[in-house]
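To keep things clear, I will list the structure first and then write my remarks on it.
Read-outs: derived from the displayed coordinates by stated rules, not from any lab. Remember, predicted model here, so these are calculated numbers, not experimental data. In this analysis, Cβ positions are derived from the backbone assuming ideal geometry, glycine residues included, and neighbour counts consider all displayed protein chains.
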Amino acid sequence: MSSFNNNLIQSINNKKTFLVVGLDPNLDKMPVKNIFDFNKEIIDNTYDLVVGYKPQLAYYESNGFEGLEALYKTIEYIKNLPEKKIIIGDCKRSDIDSTSDAYAKAMFEFWDFDAITIVPFFGTDGILPFTKYKDRGVFIVCKSSNKSGGEIQDFFSEKKHMTLYENIANISSELNYHDNVCLVMGATYPSELKIIREQNPNLPFLIPGLGHQKGDLFEIIDNSIINNNPNILINSARGIIYASEDPVNFGNFARQKVKKINTEINNLYSF
């Protein structure tokens, strides 16, 4: 059985893009008010152009049972598309080992995500319950894209002679027994992208921050790909799914935005 990380690279090469679409439905911004209908329109217009989708669970949980039902229907819909798409559950879960066991069961067995995001604060005990699902990907938050992340992630240890985010990357690499461990690395910190990539050439990156957070596509690719190994996913959400407020044609506007990003990617990288 091929590993998650190998399958990820194969999917990227097959689609000739790094792009995943963040499905972050905000009722205040959506041109239609039904979450599943909104997601379906975005998916129908983009699935042939992208590697996968990344629903952020907060947007569904904040809408109660209706939101969770929409998430369930969205996952089922993606899984029945003509092409297989990677579904990343952006849940950022983790806890002590017993609780992480329960979180992992929920995310991989009930929701059936292909991959999820987790936080490393609880250390190895909180990470291993997720990585034991050998065919599923685990994206560990290493350097987030938000402005204040550095208040914690940039902490420098005199004892280890490294930053906290470097230590997270090192631990993540050591736990990559099943070739299914990956990192979340923000597009808004290209220098840190380069540092972690040089230290960990084989760990795939999920890179948020393109678009509204002003991440630069050239800097992303230039600093996160070495040895021509295309092991990155670039997430864009708001810039795609809210490309138009037109309730009839918003899906087509999303498609045009995806095509534009893909053209820019292919101008910068040859698959």
With N set to the residue count of the range 225-271, report its C-alpha Rg divided by 2.2 N^0.38 Å to two decimal places. 1.41
Under 16 Å from a point placed 7 Å out from the Cα of R238 along the Cα-to-Cβ direction: which residues of the range 8-34 have their backbone N that close? 22-31
With a Förster radius of 30 Å, plug the Cβ-Cβ distance of K194 and K259 into 1/(1 + (r/R0)^6) and report the FRET value to the nearest 0.05. 0.60
Counting other C-beta atoms within 10 Å, which of F113, F65, F139, F250 has the fewest, and how do the rest follow? F65, F250, F113, F139
Site K29, offset 7 angstrom along Cα→Cβ, radius 16 Å on amide nitrogen, limited to the range 112-153, gives 145-147
Once amide H atoms are built 1.01 Å from N in the peptide plane, which residues 5 or more positions from L19, or in another chain, come under 5 Å H to H? V51, I234
If the viscosity is 0.692 mPa s and the temperature 37 °C, what translational diffusion coefficient in µm²/s does Stokes-Einstein give for the range 174-240 when Rh comes from Kirkwood over Cα pairs? 271
Can you tell me the alpha carbon radius of gyration of the range 4-268 divided by the globular rule-of-thumb value 2.2 N^0.38 Å? 0.96
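Within 10 Å of each residue's Cβ, count the other Cβ atoms and sort V21, V119 from fewest upward.
Starting with the residue having the fewest Cβ neighbours, the order is V119, V21.
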Taking the alpha-carbon centroid of each part, what is the distance from the range 143-185 to the range 193-258 in angstrom? 20
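Can you pick out the pairs among K85/K259; K73/K147; K16/K132 whose Cα atoms lie more than 25 Å from each other?
Numbers: K85/K259 17 Å; K73/K147 34 Å; K16/K132 30 Å.
K73/K147; K16/K132, as the Cα separations exceed 25 Å there.
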Would you mind ranking L27, L71 so that the residue whose beta carbon has the fewest other beta carbons within 10 Å leads the list? L27, L71
